Amino acid sequence: PLPGAELEARAIGNLFPPEQVTTLTGRAALEHTVHGLAAGRTILHLATHGVIRDDDPLGSLLALAPGGDGPDGDGLWTAREVFDLKLSADLVTLSACNTGLGKVNGDGVIGLSRAFLYAGAPSVLVSLWRVADSGTHFEMERFYRELIANHGAKAQALRRAQLDTIAALRAGRLASESGRALPEDP
């Protein structure tokens, strides 16, 4: 369970008109449901656990809710499964630990980010380190607010959100679930 991920999903969902948003949290975020809905979305935001497997890069995964039969029922949405998607999303955000990492070979990084790009997303926002649930919630909400305010300018929105997050960390305004201030260095 990631308490901040549910808060993050709801906060981001509230920034957009309700008819444009499908929010799936907890047990409702079944792998086969997410897989089925992903193709028709303009923005796909996944706030969950990410696992990178250097021994099997296509086995790198996002943790979703299990339920159902077959490979889509285990709750482990692998890069291998994502490669088979046909996405129309302009942006995929993987709000999870290490999602930009993977095995490096002559073709670049093989992992989750490459899978979503191959599936058709022109922009994939990923992390290169472990992320704190509460800090990610803050930064992602800032990112989407800026994205809306700047009419879809992704790089500008990310830069602004990162600067706001650094300022909040330096001021001690972001804390872990235990109440301890998060460090500035990831």
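The values are calculated or read from the model by the stated rules, or taken from the named source; none is laboratory data. All values reported here derive from a predicted model rather than from experimental measurement. Note: ideal-geometry Cβ built from the backbone for every residue, glycine included; neighbour counts use all protein chains shown. Quick note on the areas: whole protein, heavy atoms, side chains included, nothing else; ligands and nucleic acids left out. Shrake-Rupley method; radii C 1.70, N 1.55, O 1.52, S 1.80 Å.
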Is one or more of the residues making up region 78-87 assigned to a loop (DSSP other than H, G, I, E, B) and open to solvent by 30 Å² or more (accessible area, probe 1.4 Å)? yes
Is it fair to say Ala29 is open to solvent by 20 Å² or more (accessible area, probe 1.4 Å), under 20 Å from His137 (Cα atoms) and in contact (Cβ under 8 Å) with a residue 12 or more places away in the chain? no
Looking only at region 166-186, and only at residues there that are in a helix (DSSP H, G or I) and in contact with a helix residue (DSSP H, G or I) (Cβ under 8 Å, 6 or more places away or on another chain), the one that is least open to solvent (accessible area, probe 1.4 Å): Ala168
Candidates Leu112, Leu101, Leu128, Leu163, filtered to the one that is surrounded by fewer than 19 Cβ atoms within 10 Å (Cβ to Cβ) and within 14 Å of the chain's Cα centre (by Cα): Leu128
Region 132-160, residues that are open to solvent by 50 Å² or more (accessible area, probe 1.4 Å) and in contact with a Phe, Trp or Tyr (Cβ under 9 Å, 6 or more places away or on another chain): Ile148, Lys154, Arg160
For region 73-123, enumerate the residues that are under 15 Å from Asp54 (Cβ atoms) and among the β-branched types (Val, Ile, Thr). Thr78, Thr99, Val104, Val109, Ile110
Going through (1) outside any helix (DSSP H, G or I); (2) without any contact (Cβ under 8 Å) to a residue 12 or more places away in the chain one by one, Leu117 fails only at (1)
So, in region 35-59, of the ones that are part of a helix (DSSP H, G or I) and in contact with a helix residue (DSSP H, G or I) (Cβ under 9 Å, 6 or more places away or on another chain), which residue ends up surrounded by the fewest Cβ atoms within 10 Å (Cβ to Cβ)? Gly36
Given the structure, is Ala119 within 26 Å of Gly4 (Cβ to Cβ) and of a type outside the set (Lys, Arg)? no
